[in-house]
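The values are calculated or read from the model by the stated rules, or taken from the named source; none is laboratory data. Small disclaimer: the values here were computed from a predicted structure and weren't measured. A quick note on method: Cβ atoms are made from the backbone with ideal geometry, for glycine too, and the neighbour counts reach across all protein chains shown.
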Amino acid sequence: RSALPIFTQEDVTGHRTLEDGVWVTYKGGVYDITEFVAMHPGGDKILLAAGGALEPFWSLYAVHNQEHVLEILSEYKVGELSAEDLKKQQSVTTSDPYSSDPVRHPALRVNSLKPFNAEPPPEILSDSYITPSAIFFKRNHLPVPQVDPGSYRLYIEGLPGGVLTLSLEDLKTKFPKHTVTATLQCAGNRRSEMNKVKQVKGLNWGIAAISNATWSGAKLRDVLLAAGYGPDVAKWARHVQFEGLDKDVSGTTYGASIPLNKAVSEEGDVLLAYEMNGEDLPADHGFPVRVVVPGTVGARNVKWLGKVTVSAEESGSHWQQNDYKGFSPGTDWDTVDFKSAPAIQELPIQSAITAPADGGVVERSSGEVTVKGYAWSGGGREVVRVDVSLDGGKTWQVAQLKDGENEAPPPPGRAWAWKLWEVQAPLPPEAQELEIICKAVDDSYNMQPDSVPPIWNLRGVLSNAWHRVKVKITE
Ligand code: HEM
Ligand code: MTE
Ligand code: MO
């Protein structure tokens, strides 16, 4: 062994600032990296590891798995970690919280790996009314929890009858099975267009943080009735809270809530879903049970559902209180007051062009162009029209809307699924370039705003301006 001194974890933890010195550990060595902090190519992120182990960070930022990085580190070695503390550490640092995440389809465009966030290529999205589960967009805030379906229990709380506990089997056999085709959209869909106007905080989603699936499960309404929901409860209760089984390092779970009325309404179609597209829910989409709240922002469709609570209050979760809210373009991070804005529930009218892709080309010889896209509105409002322009908005034509092939037309107020649409148009003879635009209209005559700046917000949510793509015409 080297002649370097032995330190305890406590010694290392005592060095967490530039004043006291910055110490870290790596594979049982103790390093005083105080002098290196200012030289670090990755900036002051390095201070996150101060007083602790480098391994968890380096497994996240794989750029460090190189010889020259280890050489730099070795210059700063001051000692060894005591054998006892090293052993304790190894049980923590060798376990990557994301190591049991499922395998994903390589076609997905990854926005962040840990946690996993990805969207399908847009041109694939519009090729099928029902999005295959493997390429359905995935939005996780935390590692995917592994839930054993046999011992899974769902707790329904806050009702006069006390806690109702249901197994997966109970959910499948004690309540009628309902199937709903519903589109899910993340509040951050199309955030990248807001980012171009002025920087926003959040994952840089393109136009495909939206997908459509059939969901089957018990109606939340039926389960709440079985748990004792009735007119007396309606007098005081206002919200239904959901808690996921996915946890952060401090044990905090993902959570959200929806208005009570949506949850108990016969027409709300809120499901405790155990199937997606006719199969068990995939791990990424909430196995074994997730909430599906048709017409409502993705964030309230809680996956890996552990608990349902009927309450006078909204969920206290970070994602209900301090995220997923809209603000004025004039509000910045110094002035924002999250309490001043309501949590996003129903989403506004939305549409986007999936083909041709922005920056693509069309050949003059083809004589025409086919434009495709999706359109959807929140709250069960049906898309009734999509207007498409090939000349930057000077002239417009109406796109052909398509429901699913085996889908009956939705009852009024319950249009939960998107419409795919298509326009085939001759190429304008003189044009060298097309600026293609789409905009949708729902049955309340809500329309999309024409540009991003008036709806820009610091969090980059609710990005639903007219979608514009430019394509070149090649001779
Ligand atoms: C990049 C060294 C700790 C985050 C780098 C690079 C080096 C380095 C040499 C450039 C690698 C290359 O491009 O070839 C070190 C050393 C560390 C340390 C010696 C510990 C003593 C950390 C920690 C974090 C971190 C704890 C995060 C919590 C990053 C990031 C980059 C980076 C994000 C990439 C920056 C970019 O892509 O522009 N580090 N690092 N590093 N480091 Fe570290
Ligand atoms: N539920 C849990 N438990 N954990 C999460 O991170 N993400 C939410 C929601 N439900 C999330 C969750 C968000 S922000 C969205 S947009 C949708 O799940 C995405 O659902 P999907 O991954 O099935 O597309
Ligand atoms: Mo989301």
If we keep only residues of region 15-58 that are over 15 Å from E80 (Cβ atoms) and among the basic types (K, R), then the residue modelled with the highest pLDDT is R16
>> Any residue at all in region 221-239 that's in contact (Cβ under 8 Å) with a residue 12 or more places away in the chain, buried (at least 20 other Cβ atoms within 10 Å of the Cβ) and part of a strand (DSSP E or B)?
In response: yes
Within region 27-53, the residues that are within 10 Å of ligand 1 (Cβ to nearest atom) and either β-branched (V, I, T) or buried (at least 20 other Cβ atoms within 10 Å of the Cβ) (or both) are Y31, I33, V37, I46, A49, A50, A53
Only unsatisfied item for N261, checking (1) more than 16 Å from ligand 3 (Cβ to nearest atom); (2) among the polar types (S, T, N, Q); (3) part of a loop (DSSP other than H, G, I, E, B), is (3)
The condition of being under 20 Å from V249 (Cβ atoms), more than 27 Å from the chain's Cα centre (by Cα) and either away from ligand 2 (no atom under 16 Å from the Cβ) or touching a residue at least 24 places away in the same chain (Cβ under 8 Å) (or both) holds, among T34, T25, only for T25
In the set D248, D323, D284, the lone residue that is out of contact with any helix residue (DSSP H, G or I) (no Cβ under 6 Å at 6 or more places or on another chain), charged (D, E, K, R), buried (at least 17 other Cβ atoms within 10 Å of the Cβ) and modelled with pLDDT under 95 is D323
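Does V270 satisfy the criteria of being buried (at least 24 other Cβ atoms within 10 Å of the Cβ) and more than 20 Å from the chain's Cα centre (by Cα)?
Numbers: buried (at least 24 other Cβ atoms within 10 Å of the Cβ): yes; more than 20 Å from the chain's Cα centre (by Cα): no.
So V270 does not fit the description; no.
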Taking first residues from region 374-386 that are at positive phi and second residues anywhere that are surrounded by fewer than 23 Cβ atoms within 10 Å (Cβ to Cβ) and part of a strand (DSSP E or B), the pairs with Cβ under 6 Å that are 6 or more apart or on different chains are G379/E346
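Go over the candidates V12, V69 one by one and state the one that is over 30 Å from N140 (Cα atoms), within 12 Å of ligand 1 (Cβ to nearest atom) and either over 32 Å from the mean Cα position of the chain (by Cα) or at pLDDT 95 or above (or both). Please lay out each step first, then the result.
Values: V12 fails: within 12 Å of ligand 1 (Cβ to nearest atom).
After ruling out the rest, the residue left standing is V69.
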In region 168-189, residues that are away from ligand 2 (no atom under 13 Å from the Cβ) and either assigned to a loop (DSSP other than H, G, I, E, B) or touching a strand residue (DSSP E or B) at 6+ places or on another chain (Cβ under 6 Å) (or both) total 9
Residues in region 273-300 that are part of a loop (DSSP other than H, G, I, E, B), more than 16 Å from F137 (Cβ to Cβ) and either within 16 Å of ligand 1 (Cβ to nearest atom) or not aromatic (F, W, Y) (or both) total 6
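Conditions tested, residue by residue: (1) under 26 Å from E405 (Cα atoms); (2) within 19 Å of the chain's Cα centre (by Cα).
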{"residue": "I210", "(1), (2)": "yes, yes"}
{"residue": "K219", "(1), (2)": "yes, no"}
{"residue": "L225", "(1), (2)": "no, no"}
{"residue": "Y229", "(1), (2)": "no, no"}
{"residue": "V240", "(1), (2)": "no, no"}
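Considering only residues that are of a type in the set (D, E, K, R) and closer than 30 Å to T335 by Cβ, which ones fall in region 411-463? Don't jump to the end; show me each part of the working.
Step one: filter region 411-463 for residues of a type in the set (D, E, K, R), giving 414, 419, 422, 430, 433, 435, 439, 442-443, 450, 459.
Scanning region 411-463 gives D450, R459.
Condition test on D323, is it in a loop (DSSP other than H, G, I, E, B) and more than 22 Å from the chain's Cα centre (by Cα)? Outline the logic, then answer.
Working: in a loop (DSSP other than H, G, I, E, B): yes; more than 22 Å from the chain's Cα centre (by Cα): no.
So D323 fails the test.
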